[in-house]
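As structure tokens, the structure follows; a few thoughts come after it.
The values are calculated or read from the model by the stated rules, or taken from the named source; none is laboratory data. The structure presented is a predicted model; accordingly, all values stated were derived computationally and were not measured. Glycine gets a Cβ as well: all are built from the backbone with ideal geometry, and neighbour counts include every protein chain shown. Areas reflect the complete protein model, heavy atoms only, side chains present, ligands, DNA and RNA absent. Shrake-Rupley method; radii C 1.70, N 1.55, O 1.52, S 1.80 Å.
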Amino acid sequence: MPDVLPKLVILISGSGSNLQAFIDACADGELRASVAAVISNRPGVFGLERAAQAGIQTCVIDHKGFDSREQFDRELMHQIDQFSPDLVILAGFMRILTPEFVRHFHGKLLNIHPSLLPNYPGLNTHARAIEAGDSHAGATVHFVTEELDGGPPVLQASVTIDSDETAESLAAKVLQKEHIIYPLAARWFVEGRLLLEGNTVKFDDKTLPSNGINLAEVQD
Ligand code: GRF
């Protein structure tokens with residue numbers, strides 16, 4: 001193991017179950033990285049407790065204390081930069097980011113979205129997939145670009161939508177997959193296997209298809 005592990009900064013707004021997946025993956029050696037800090041834009045959320053319990057430094061930057069999105073994002077950028085992260089992870093961070101922020105972290109900013117992008121960017125993804133009569137739903141890890149939920153996908157995982165599916169049951173099924181694919185994509189990144197070039201993703205020097213890799217392709 002290298003002396004200095006790659007550093008992650010993880011941004012949250014809520015429960016932090018994806019954050020927990022990163023904490024666990026780092027603890028059991030599956031992801032050779034360290035979580036340098038967890039930053040929340042909402043005070044009092046459970047994710048902050050998860051971080052504190054794992055001995056990770058936390059920071060709250062309440063967006064309500066800022067006059068503009070630009071001011072908030074500049075402070076956020078400044079705080080993140082204090083930790084010199086190799087990778088910034090958006091884990092249920094419920095903020096639209098300014099172009100300046102996205103450009104600043106270009107190529108080292110990942111997000112997870114609870115749909116099979118490019119389907120259903122935005123909110124209420126599970127209800128929309130059920131409503132549309134889709135047979136499958138899922139989650140996507142993608143690099144963040146200036147287009148909301150529009151950055152190039154890295155890794156997706158699918159689940160079937162059952163006939164009696166509700167938005168809640170589907171969300172729970174998808175979340176389980178999120179906890180697998182997000183630390184895995186981060187692992188590829190810190191291993192140097194994943195690269196954003198312009199608007200395309202290279203994995204092991206090969207250009208990925210527009211919807212990334214499906215977990216089923218890389219699982220035994
Ligand atoms: C996840 O469904 C993620 O895809 C979405 O927000 C949710 C966050 O859940 N962006 P948690 O806070 O990680 O439990």
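Considering the range 32-113, the qualifying helices (runs of 4 or more DSSP H), each wholly inside and each with 1 or more residues that are among the acidic types (D, E) and surrounded by 22 or more Cβ atoms within 10 Å (Cβ to Cβ), run over 69-81. Kindly check whether there is at least one residue in the range 174-181 that is surrounded by 14 or more Cβ atoms within 10 Å (Cβ to Cβ) and over 24 Å from L87 (Cβ atoms). No - not one qualifying residue is present in the range 174-181. Does D134 satisfy the criteria of being more than 11 Å from the ligand (Cβ to nearest atom), modelled with pLDDT of 95 or more and open to solvent by 60 Å² or more (accessible area, probe 1.4 Å)? Against the criterion (more than 11 Å from the ligand (Cβ to nearest atom), modelled with pLDDT of 95 or more and open to solvent by 60 Å² or more (accessible area, probe 1.4 Å)), D134 does not qualify.
For the range 1-31, the set of residues classified as part of a helix (DSSP H, G or I) and more than 11 Å from the ligand (Cβ to nearest atom) consists of I23, D24, A25, C26, A27, listed by residue number.
Of the residues making up the range 24-57, those that are within 14 Å of R187 (Cβ to Cβ) and in contact with a strand residue (DSSP E or B) (Cβ under 7 Å, 6 or more places away or on another chain) are C26, A33, S34, V35. Just give me the residues in the range 77-101 being within 16 Å of the ligand (Cβ to nearest atom) and free of Cβ contacts under 8 Å to residues at least 60 places away in the same chain, in sequence order. Passing the criteria: I96, L97.
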